[in-house]
Amino acid sequence: MPEPGTVRRRSDRSPWNWLLLVPIVIPLLTFLYNADDPRLFGFPRFYWLQLAMIGLGATATALVHRLGSRP
């Protein structure tokens, strides 16, 4: 238990948190969406790339949670 009057350091300074920038920055690169081809199951690139970003974001969040949490 910390002494009264001492300040605890923040525990959210894991370098794995930087991995969360990937699903934030990639959807901002609009040149990725500026085409109709290739189509996946009849869907243009704009739609299936957005769905892929959801999977990328969920995967990155799970990895940061797993790798950044302390044992």
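Structure data summary
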{"item": "Total charge dipole magnitude, the chain, about the Cα centre, Cβ charges on Lys, Arg, Asp, Glu only, Debye to nearest 20", "result": "340 debye"}
{"item": "Value of [θ]222 nm, deg cm²/dmol, for the chain, DSSP H segments ≥ 4, -39500 (n - 2.57) each, nearest 500", "result": "-12500 deg cm²/dmol"}
{"item": "Relative packing of 33-40, 13-20, which averages over residues the other C-beta atoms within 10 Å, highest first", "result": "13-20, 33-40"}
{"item": "Gain on full stretching of the segment that runs from LEU29 to SER69 - 0.36 nm per residue minus C-alpha separation", "result": "11.4 nm"}
{"item": "Theoretical FRET efficiency, 1/(1+(r/R0)^6), r = Cβ-Cβ of THR61 and THR6, R0 35 Å, to 0.05", "result": "0.65"}
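Read-outs throughout are calculated quantities, based only on the coordinates presented, and are distinct from any laboratory measurement. Being a predicted model, the structure only gives us computed values, none of them experimental. Glycine gets a Cβ as well: all are built from the backbone with ideal geometry, and neighbour counts include every protein chain shown.
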